[in-house]
Structure formats: structure tokens, C-alpha cells
Amino acid sequence: MKTVFNDRRAIIYGVVFSIASYVTAAILAVGSSVYALGSFLDPIVTLTVPLILISIGLQAMNKRYSIILLALINSLLYYITSPALLFMVPTFLVSGVIDEVISWAIGYRGLRAVMINTTVVGGLIGVLSVFFGSILIGIYGSVPFSSLLLAYVIFGVIYFVESAIMGYISYKIGSYLINSGIMKS
């Protein structure tokens with residue numbers, strides 16, 4: 001069976017798109033300073049262009065375990081370069097495993113597959129990054145549980161809707177790049 005780990009081009013796409021996504025997320029986070037306003041707002045900014053880049057990379061890779069590879073590369077990038085953001089490691093790994101399993105049923109390309117994959121992984125990254133980040137900085141216990149739960153529900157809906165929009169944009173851009181021959185798979 002042909003997997004991402006047997007395909008040099010797919011691995012290169014995974015590395016390139018992961019690094020591009022990571023750098024873009026860092027620029028957006030620091031440039032907007034939205035993280036200073038609250039942990040719930042940061043994913044709203046970082047689930048835009050970085051998510052589109054990852055989704056386009058996934059379309060180009062188009063092999064089994066592509067999402068796992070992307071999750072591993074992104075986890076490694078955050079682990080090595082951002083000690084303050086170590087909560088992103090379990091965030092990427094958990095969301096990557098869940099989305100990989102889903103992709104076995106729906107695939108990696110096509111409007112339906114790209115919309116579902118991007119929505120699931122983006123939404124999970126948004127929700128899980130806030131959850132793991134809250135545990136790391138110790139917000140639990142200092143904020144009433146009902147207020148925290150309400151914030152998770154409201155922002156969770158925002159993350160999933162935003163990710164669906166990014167999925168549609170990713171599909172259009174990825175399809176163009178692949179159909180025009182700019183990217184080969």
C-alpha cells in the first residue's frame with residue numbers, strides 16, 4: 001500500500017507546507033497581538049492562512065497517513081521552537097489522529113473531503129489548544145466552570161464555522177494548483 005511515508009514528494013510537501021503554516025501562524029499571532037486579549041481569541045486569527053496552507057498541503061500529498069505526518073511535523077516545530085506553546089503538541093497529535101481516521105472514509109481530495117478534513121482539524125485545534133492551554137496556565141479553578149463551559153461552546157462553534165470557510169477556500173486554491181499542474185501529486 002502506498003502511504004505518505006513511501007513517497008518522497010509527499011514528505012517534501014508535508015515539510016514545506018508545515019513550515020509555511022508555522023511561520024505564518026507565528027507572524028499572525030505576534031503581529032495581531034490577539035493572544036494578549038485572551039486565549040480564546042488567538043485561534044480565530046491562527047485558523048486562517050495557516051490552516052489553508054495545511055489543507056492545501058494535504059490535498060497535494062493525497063496519501064494515507066498524510067495528516068499524521070503533518071501533525072508530527074507541526075508538533076515537532078512547536079516542541080523545538082516554542083517552550084511556552086508546548087500545549088500545542090498534544091493539540092496537533094490528538095486532532096491529527098482523529099482527522100486521519102475520518103479521512104480513511106472520505107479521502108483527502110474533493111470538495112466534501114477537504115471541507116470535512118479542514119473543518120474537523122481546524123475546529124479541534126481551536127478547541128483543544130484553548131483547553132490544553134488553559135490547563136497549562138492554570139485557569140481551571142480560578143474561573144467558574146459554567147462561564148468556562150459557555151465560552152468553550154461559543155468559541156467552539158466559531159472555530160468550526162471559521163474552519164469550514166477556510167476549507168472551502170483551501171479546496172478552491174488547492175484544486176487550481178493541482179489542476180493547473182503547479183503542484184504535482
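Of note:
- By the count of neighbouring beta-carbon atoms within 10 Å, fewest first, 4, 114, 49 end up ordered 49, 4, 114.
- Phi angles of the range 69-74 translate, via the Karplus equation with coefficients 6.51, -1.76, 1.60 and θ = phi - 60°, into HN-Hα couplings of 4, 4, 5, 5, 4, 5 Hz per residue; Gly and Pro are given as x.
- Panel values: the chain, Kirkwood radius from alpha carbon pairs, Stokes-Einstein at 25 °C and 0.890 mPa s, translational diffusion coefficient 149 µm²/s.
- Estimated from helices alone, the mean residue ellipticity of the chain at 222 nm is -26000 deg cm²/dmol (sum of -39500 (n - 2.57) over DSSP H runs with n ≥ 4, per residue).
- Global geometry of the range 72-147, whether rounded, prolate or oblate, following the gyration tensor of its Cα atoms and the 1.5 cut on a/c: oblate
No value in this document is a laboratory result; all are computed from the given coordinates. Bear in mind that the values here come from a model prediction, so they are computed numbers and not experimental data. Cβ atoms come from the backbone with ideal geometry, glycine included; neighbour counts cover every protein chain shown.
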